[in-house]
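What follows is a set of notes on a single structure, which appears directly below.
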Amino acid sequence: MAEPKLLTISGSLRKGSYNRMLLSEAAAAFGPAEVTEADLHLPLYDGDLEQAEGVPAKVAVLTEQIREADAIVIASPEYNKGISGVLKNALDWVSRVPGNVLSQKPIVVVSAAAGRTGGEVAQFMTLSCLASFQACIIPGPGVLVAGAGNEFDDSGKLTSESYRKALAARMEMLRKEVSK
Ligand SMILES: Cc1cc2nc3c(=O)[nH]c(=O)nc-3n(C[C@H](O)[C@H](O)[C@H](O)COP(=O)(O)O)c2cc1C
């Protein structure tokens with residue numbers, strides 16, 4: 001059987017993003033897969049732009065990647081106790097493409113943040129947005145990496161056994177869902 005397609009989506013764009021590191025760790029924990037990292041450098045959602053030009057090419061690429069993915073992991077940073085604008089913007093664009101590509105899509109949401117709650121509010125908001133897409137959210141022990149600046153080594157690996165275990169458990173559940 002061909003390897004499953006895993007799409008990783010980071011709500012942070014920066015190169016040294018802890019959420020991107022967390023996604024690499026998630027992909028490794030998922031096991032053999034064809035992994036694609038989504039690019040959320042998208043124009044801001046603008047109804048006039050949409051009307052004049054339709055869905056931007058980069059949104060079409062993202063939508064296609066979602067459609068083709070067997071499973072998705074989303075990592076959301078927390079900005080001012082909320083979801084990052086980058087991630088929300090991407091979800092808003094995707095929602096404008098007919099056919100709801102996120103419907104029933106197996107998804108795990110994780111987060112890494114500087115604060116003590118590890119981005120809990122942002123993660124909750126992300127899950128809340130995904131509910132309106134009727135995505136297949138994989139439940140389980142939350143992966144909320146608090147004080148993220150101290151939780152990854154120089155090569156981007158999680159240093160804490162408890163986070164690694166929680167992530168592995170979650171990714172195992174995602175893999176099981178995909179193998180059904
Ligand atoms: C605009 C902004 C707002 C932030 N608000 C929060 C917050 O509400 N809670 C929190 O834990 N961290 C907050 N932070 C710190 C981020 O958690 C931290 O920068 C984190 O590393 C961002 O994720 P990244 O490493 O994936 O880019 C904020 C950072 C920025 C830039």
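Quick notes on this structure:
- 18 Å Cα-Cα threshold exceeded, pairs from Lys5/Lys105; Lys88/Lys165; Lys5/Lys176; Lys5/Lys180; Lys58/Lys105; Lys58/Lys81: Lys88/Lys165; Lys58/Lys105; Lys58/Lys81
- Average projected area [Cα convex hull, segment 137-180], square nanometres: 3.6
- Between Glu68 and Arg116, the C-beta separation translates, for a Förster distance of 30 Å, into a calculated FRET efficiency of about 0.20.
- Residue by residue, segment 156-163 carries 3J(HN,Hα) couplings of x, 8, 5, 8, 8, 4, 5, 5 Hz when phi is fed to the Karplus relation 6.51 cos²θ - 1.76 cosθ + 1.60 (θ = phi - 60°); x denotes Gly or Pro.
- Near the amide H of Ala135, within less than 5 Å, lie the amide hydrogens of Gln104, all on another chain or at least 5 residues away, with H placed in the peptide plane.
- Amide H contacts under 5 Å for Glu37, placed H, 5+ residues apart: Thr8
- Helix 120-132 vs. the chain, principal-axis angle (Cα, 0 to 90°, nearest 10): 40
- For Val110, residues with placed amide H under 5 Å, excluding near neighbours: Ile74, Ala75, Ser76
- By accessible area, using a 1.4 Å probe on protein heavy atoms only, segment 5-179 has 53% of its surface on carbon and sulfur.
- A simple count of charges around Gly118, restricted to other residues whose Cβ falls under 12 Å of its Cβ and scoring Lys, Arg +1 and Asp, Glu -1, yields -2.
- Net charge of Cβ neighbours under 13 Å - reference Leu40; Lys, Arg +1; Asp, Glu -1: +1
- Protein heavy-atom accessible surface, 1.4 Å probe, per residue over segment 5-179: 48 Å².
- For segment 45-113, alpha-carbon Rg relative to the globular expectation (2.2 N^0.38 Å, N residues): 1.19
- Around Gln65: net Lys/Arg minus Asp/Glu count, Cβ-Cβ under 14 Å: -2
- The chain: most fluctuating residue of Ile137, Ile72, Ile107 per GNM, C-alpha cutoff 10 Å: Ile137
- Rounded to the nearest Hz, the phi-derived 3J(HN,Hα) couplings of segment 30-41 under the Karplus curve 6.51 cos²θ - 1.76 cosθ + 1.60 (θ = phi - 60°) are 5, x, x, 6, 8, 9, 10, 9, 5, 10, 9, 6, where x marks glycine and proline.
- Length added when fully stretched, Ala52-Leu13, from 0.36 nm per residue minus Cα-Cα: 11.3 nm
- Under conditions of 4 °C and 1.567 mPa s, segment 36-180 yields 80 µm² s⁻¹ as its translational diffusion coefficient, taking Rh as the Kirkwood radius over Cα pairs in the Stokes-Einstein equation.
- Two-decimal log10 I(q)/I(0) for segment 6-122, as the Debye equation yields it once each C-alpha is a single scatterer, q = 0.10, 0.22 Å⁻¹: -0.30, -1.29
The values are calculated or read from the model by the stated rules, or taken from the named source; none is laboratory data. Because the structure is a prediction, the values reported are computed rather than measured. Please note: Cβ atoms are built from the backbone with ideal geometry, for glycine as well, and neighbour counts cover all protein chains shown. To get the accessible areas, we keep the full protein, side chains included, count just its heavy atoms, and leave off ligands, DNA and RNA. Shrake-Rupley method; radii C 1.70, N 1.55, O 1.52, S 1.80 Å.
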